[in-house]
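In what follows, a structure is listed as structure tokens, so that the remarks can point back to it.
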Amino acid sequence: MSVDTSTSRQSDTATGAILVTGANGQLGTELQRLTWPAGVQVVAVDVADLDLTDTAAIEARVAAGHDGQPFAAVINGAAYTAVDKAESDLVTAWAVNAMAPAAFGKACADAGIPLVQVSTDYVFAGDKAGAWEVNDPVAPLGVYGASKLGGELAVRTSGARHAIVRTAWVVSAHGNNFVKTMLRVAATNPTLRVVDDQRGSPTSAADLAQALHTITLRLIADADAPTGTFHFSNAGDVTWAGFAREIFRQSASCGGASAEVAGIATAEYPTPAKRPANSLLSHSAIQRAYGIEPRPWQDALGDILNELIGDVK
């Protein structure tokens, strides 16, 4: 991922503590691994530290600041991401994905600090031929997408300066994700059946964290920094089956697990929640506003496999 250097220089003037939610998740882990400017401290919290179903606790935590000083910004990267479970657990999904962002939005507006809210491709119906633009009509297919859209609307109407960053297909060397699942299952299965009619762009959690790093520091340092809705994923598009094939190609090159991939239709792998057929996100808005140019997903995958397995050739 490349970033406009003038933006980076301006962001060096940012100071203060940044509250980050989802500390133990893929994104939260990567945000904590980044190098931040000397005057910036990341205060990362997870469910044990802050209950995201408790809006009063959220507002109080933001208002309390850190070490006697107000927070400089909040990055809300935590979410209820169990897409299928959300269909029957909609109250919790809405509490975490919609009401928590509403509370963060109110608290950030009250404190006069920016909020960076992470959202999802699931706000779209997935029925478009090309990449989704930030202003395309939204029409979520299930509870997860609807609740995340609710969070977007809450943040937009909160009065807080904000950046909503939609992403898709997040993977990393940490937690539970498609890359790690493929490698684990391939260890005992020579052939895997993987959906081949859903398209999107895989997203490295590390690259997403770097994008949020750029945006957040700019919002702190520059009162006129771009706000609104942006998309970030790695560049290029692929189906889940194609993604799996590339995982195994790169994995095999360094002695890791490999398997044959048989592409199947979504109808052959029914799930409680309906998935978007097209999750491809346009990067035009984030490129214009922040000079962020995502790198190819294949390159990002290579870094993940290097961490999990070893030197990918």
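Looking at segment 26-166, send over the antiparallel percent of its DSSP beta bridges, to the nearest 5.
Looking only at bridges with both residues in segment 26-166, the antiparallel portion is about 10 percent.
Please check which bits of segment 241-269 a label hung off Gln298 would reach, taking the label as a point 7 Å along Cα-to-C-beta and the cut-off as backbone N under 12 Å.
Answer for this model: 243, 246-247, 249-250.
Which of Ser258, Ser233 has the fewest other C-beta atoms within 10 Å, and how do the rest follow up to the most?
Ser258, Ser233
Pairs of lysines 8 or more apart, or on different chains, with alpha carbons under 21 Å: count those in the chain, would you?
8
Kindly work out what percent of the DSSP beta bridges joining two residues of segment 6-94 are antiparallel, to the nearest 5.
The antiparallel proportion sits near 10 percent.
How long are the semi-axes of the equivalent ellipsoid of segment 187-278, defined as square roots of 5 times the Cα gyration tensor eigenvalues? Whole Å, largest first.
34, 19, 9
With an 8 Å cut-off on Cα pairs and a minimum separation of 6 or more residues, tell me the relative contact order of the chain in percent.
Taking the mean separation of contacting Cα pairs over the length of the chain, I get 23 percent.
Enumerate the amide H contacts of Phe230 below 5 Å, restricted to partners 5 or more residues apart or on another chain; note that Pro and chain-start residues carry no placed amide H.
Ile164, Val165, Arg166
Contour minus end-to-end for Asn135 and Asn189, with contour as 0.36 nm per residue of separation and end-to-end as the Cα-Cα distance?
15.2 nm
When the convex hull of the Cα atoms of segment 1-154 is projected onto a plane and the area is averaged over all directions, what value comes out in nm²?
Over all viewing directions, segment 1-154 projects a mean Cα-hull area of 10.4 nm².
In Å³ and rounded to a whole number, note down the convex hull volume per residue for the Cα atoms of the chain. It would help to have the intermediate numbers written out before the result.
Working: hull volume 39.4 nm³, N = 313.
Spelled out: Cα convex hull of the chain, divided by residues, is 126 Å³.
For the chain, set up a Gaussian network in which alpha carbons nearer than 10 Å are linked by springs, and say which option among Pro101, Pro270, Pro140 fluctuates the most.
Fluctuation is largest for Pro270.
Based solely on C-alpha atoms, express the radius of gyration and the Dmax of segment 47-130 in angstrom.
Looking at segment 47-130, its Cα Rg and Dmax stand at 14.7, 51 Å.
Mean 1/r over all different Cα pairs, inverted: what Kirkwood radius does segment 114-163 give, in Å? Walk me through the numbers before you get to the answer.
On the way: mean 1/r = 0.0864 Å⁻¹.
Evaluated over segment 114-163, this radius sits at 11.6 Å.
Under a point spin-label approximation (7 Å from Cα along Cα-to-Cβ), what is the Lys128-Thr13 distance to one decimal in nm?
3.5 nm
Around Ala17, which amide H atoms from residues at least 5 apart in sequence, or from another chain, sit under 5 Å from its own amide H, with H modelled in the peptide plane?
HN-HN under 5 Å from Ala17: Gln41, Ala72.
Take every DSSP beta bridge with both residues inside the chain and express the antiparallel ones as a percent of the total, to the nearest 5.
10 percent
Given the convex hull of the Cα atoms of segment 132-266, what is a quarter of its surface area in nm²?
Working: hull surface 40.3 nm².
If you wrap the Cα atoms of segment 132-266 in a convex hull and average its projections, you get 10.1 nm².
Every number here is computed from the coordinates shown, using simple stated rules; none is lab data. For clarity, every value in this text was computed on a predicted model and none was experimentally measured. Using ideal geometry, Cβ is built from the backbone for each residue, glycine included, and neighbour counts are taken over all protein chains shown.
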